[in-house]
């Protein structure tokens, strides 16, 4: 197996090409049209796109599927069900892409739609895609539809374990459980490819996972918004917007906790 990681100019968003012989599995193709052309060109140099996989449904990870119109698209079973049932969340993901593109004058000739050939994946130890055997993991917390992939000794985690940002939390307890699963899994892998930021060694990813777990434990233990907001960020404290995300994390948890 060969792994190519191409990084977008927005948020260091990673698009990963897993290839076996001339068949490619393209994970999270992103994001701007020229970047998608570069991904397609790299796939063309190797062979062809046999499958596209989304690690979750957020707009910055899903809009590139139309670059590979002949390839079936694989997503978590949770996202597949949300799309099939017309859940508002699935429409909101596309609306967020439309709003971003309109604000920054990004052309999107393929429009804003989910792929027609879409297949849901659940937790499994032996999923076969394009000659590769992958372990698939359901990883909720950042979003309900998180999907992790383990191929050989490499772990792709979507929007977890990024060295560039703090956790962006939708469900704090689910996120904490996912971190626990990842901490158990990391000793079994060599490298980790996050959705944003550079490729990590297992040791680097473990350090991030532990810091994020400690951060969430302290937020979950807070009794009020002031004490939750006083929790130190695990990293990226000087990055614009991270304090706002921390506030959102705290407010969401305390609203659920009552």
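How high is the relative contact order of segment 1-96, in percent, with contacts defined as C-alpha pairs under 8 Å that are six or more residues apart?
21
In whole Å, how far is the Cα centre of segment 228-249 from that of segment 115-133?
35
In deg cm²/dmol and to the nearest 500, what is the mean residue ellipticity at 222 nm of the chain if only DSSP H runs of at least 4 residues count, each as -39500 (n - 2.57), divided by the residue total? Display every interim value, and only then the final one.
Values: 8 runs with 97 residues, N = 258.
Result for the chain: -11500 deg cm²/dmol, rounded to the nearest 500.
Once both labels are modelled 7 Å past Cα along the beta-carbon direction, what's the residue 5-residue 217 spacing in nm?
2.7
What is the chain's relative contact order, in percent, from Cα pairs under 8 angstrom and six or more apart in sequence? Intermediate values should be presented prior to the final figure.
Values: 484 pairs, mean separation 35.5, N = 258.
Over the chain, the number comes to 14 percent.
Indicate, rounded to the nearest 5 percent, the antiparallel portion of the DSSP beta bridges found entirely in the chain.
65
Throughout, read-outs are computed from the coordinates displayed, never taken from laboratory work. Keep in mind the model is a prediction, meaning the values are calculated, not measured. So basically every Cβ, Gly included, is an ideal-geometry build from the backbone, and we count neighbours across all protein chains shown.
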